Amino acid sequence: MTPVITIAGAQMGATQKNDTRESVAQRMQHLIEQAAKRGAQLIVFPELCLTPFFPRWYYETLEEADQWFEDQWPPRGLENALQKAKDLNIMVQISYAEKTLDNHRYNTASLISSAGEHLMKYRKIHLPGHADYIPERPLQHLEKRYFEVGNLGFPVERFYLENVGEFNLGMLLCNDRRWPEAWRVLGLQEVDIVLIGYNTPVANLDVTHHQPPHLKVMQSNLSVQAGCYQNNCFGVSVAKAGVEDGHAMFGSSIIVNPFGEIIARSSTWHDELIIADCDLSLCQVNRASTFNFEAHRRPEHYQRIVEQTGSIRPKKVVQA
Ligand code: CDV
């Protein structure tokens, strides 16, 4: 059996405040149908794929923001799209704002089997931005206001697909992709495929220094390429793109192989599929050599990684 899985990244163009859930679900269903037609066995949607990226808007109370949260499974309005995925025998990953029965709110991704069952959940851990309104910022990023830090760790689950065999799958959400610690926790569980949904604006969030858009795309790609190379896995990194409520998001979805090469990329700011045949035997190449963790890791020298959060500069000054 050739361990090749065909994966589709379903980049989504902008979703506006007044777009109905029905219209978003129809776009998703169309992407699912097209992906299945092109032979994909798994389709991956962006972070917060059911709504606009609402953390750019300030709401005084959490309850006012609840209009953007899902409190049922499957999420409201998605029944037909998920039924279509089941009919077409394709696995689906979606990301959404989750409100639990006991009133906790998370930025969440869920994996659904080709039989329509909920298989696996990840709740975003590296929440960027701030909790309070900051008037001098041109663009608010209020994820720390609306979401709690995920409480599920970085799980990796082992799945079986006919014609592919067994594979290990994990998930990250947006800002997580920039943190090598997150990738390494997945790598230490022999992850083969990492699914990543994201929403990254073109505008500068750091008001003290201008970074041109091409540099921001480079940093996003660099993070995913390094994560895949250093952890022997494929990465499927899928964006929300285009101009949402006047704010541009850079798109640039990619699929990366375990050597760190980009093997598929989007070229528009609209709904667009990127597809790659991912040969999972490639995950074993560096797993048995350069990145054989058992042979080469030196965790006795890595204490700072888990004991320290912020950086600390050395105390002593030496004349150089
Ligand atoms: N949604 C995100 O997590 N966005 C962050 C930044 C831009 C705040 C990101 O790392 O892309």
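The values are calculated or read from the model by the stated rules, or taken from the named source; none is laboratory data. Values in this document were obtained by computation on a predicted structure and should not be read as measured data. In this analysis, Cβ positions are derived from the backbone assuming ideal geometry, glycine residues included, and neighbour counts consider all displayed protein chains. Accessible surface areas use protein heavy atoms only, side chains included; no ligands, DNA or RNA. Shrake-Rupley method; radii C 1.70, N 1.55, O 1.52, S 1.80 Å.
Some points to look at:
- Segment 221-261: chymotrypsin sites (Phe, Trp or Tyr not before Pro) in DSSP loop, at most 14 other beta carbons within 10 Å: Phe259
- Taking every C-alpha pair closer than 8 Å and separated by at least 6 residues, the mean separation divided by the residue count of segment 39-191 gives a relative contact order of 20 percent.
- Structure remark: mean-square fluctuation, Gaussian network model of the chain, C-alpha springs under 10 Å; the largest value among His130, His104, His270 belongs to His104.
- Here is how the number arises for the chain: DSSP H runs of 4 or more residues each give -39500 (n - 2.57), the sum is divided by the residue count, and the result at 222 nm is -6500 deg cm²/dmol.
- Base-10 log of normalised Debye intensity for the chain (one unit scatterer per alpha-carbon) at q = 0.06, 0.08, 0.15, 0.16 Å⁻¹: -0.20, -0.36, -1.27, -1.43
- Accessible surface of segment 176-287 [probe 1.4 Å, protein heavy atoms]: carbon and sulfur percent: 58 percent
- Calculated FRET efficiency for the pair Val285/Ile305, C-beta based, R₀ 22 Å, to 0.05: 0.25
- Each residue of segment 129-143 was assigned a 3J(HN,Hα) from its phi angle through the Karplus expression (A = 6.51, B = -1.76, C = 1.60, θ = phi - 60°), giving x, 8, 9, 10, 5, 10, x, 6, 7, x, 9, 6, 9, 9, 4 Hz with x at Gly and Pro.
- Near His210, once Lys and Arg are set to +1 and Asp and Glu to -1 for all other residues with Cβ below 15 Å from its Cβ, the sum equals +1.
- Under the convention that each Lys and Arg Cβ holds +1 and each Asp and Glu Cβ holds -1, the size of the dipole of segment 173-284 around its Cα centre is about 280 debye.
- FRET efficiency, 1/(1 + (r/R0)^6) with R0 25 Å, evaluated for Leu152 and Asn103 via beta carbons: 0.90
- Links that overshoot a 18 Å alpha carbon limit, given the list Lys99/Lys121; Lys17/Lys99; Lys37/Lys84: Lys17/Lys99
- Comparing Gly129, Gly242, Gly13 in a Gaussian network model of the chain where C-alpha atoms under 10 Å apart are linked, the largest mean-square fluctuation is found at Gly129.
- For the chain, accessible area per residue (1.4 Å probe, heavy atoms of protein chains only), Å²: 48 Å²
- Close amide H pairs (under 5 Å, H built 1.01 Å from N) link Glu244 with Met249, residues at least 5 positions away or on another chain.
- Per the Kirkwood formula applied to alpha carbons, segment 111-250 shows a radius of gyration over Rh ratio, Rg over Rh, of 1.00.
- Between Leu152 and Arg123, the built amide H atoms are under 5 Å apart, and every one of these is 5 or more places off in sequence or on another chain.
- Count Lys and Arg as plus one, Asp and Glu as minus one, and take only other residues whose Cβ is under 13 Å from that of Thr100; the net charge is then -2.
- Based on C-alpha pairs under 8 angstrom that are at least 6 apart in sequence, the chain has a relative contact order of 20 percent.
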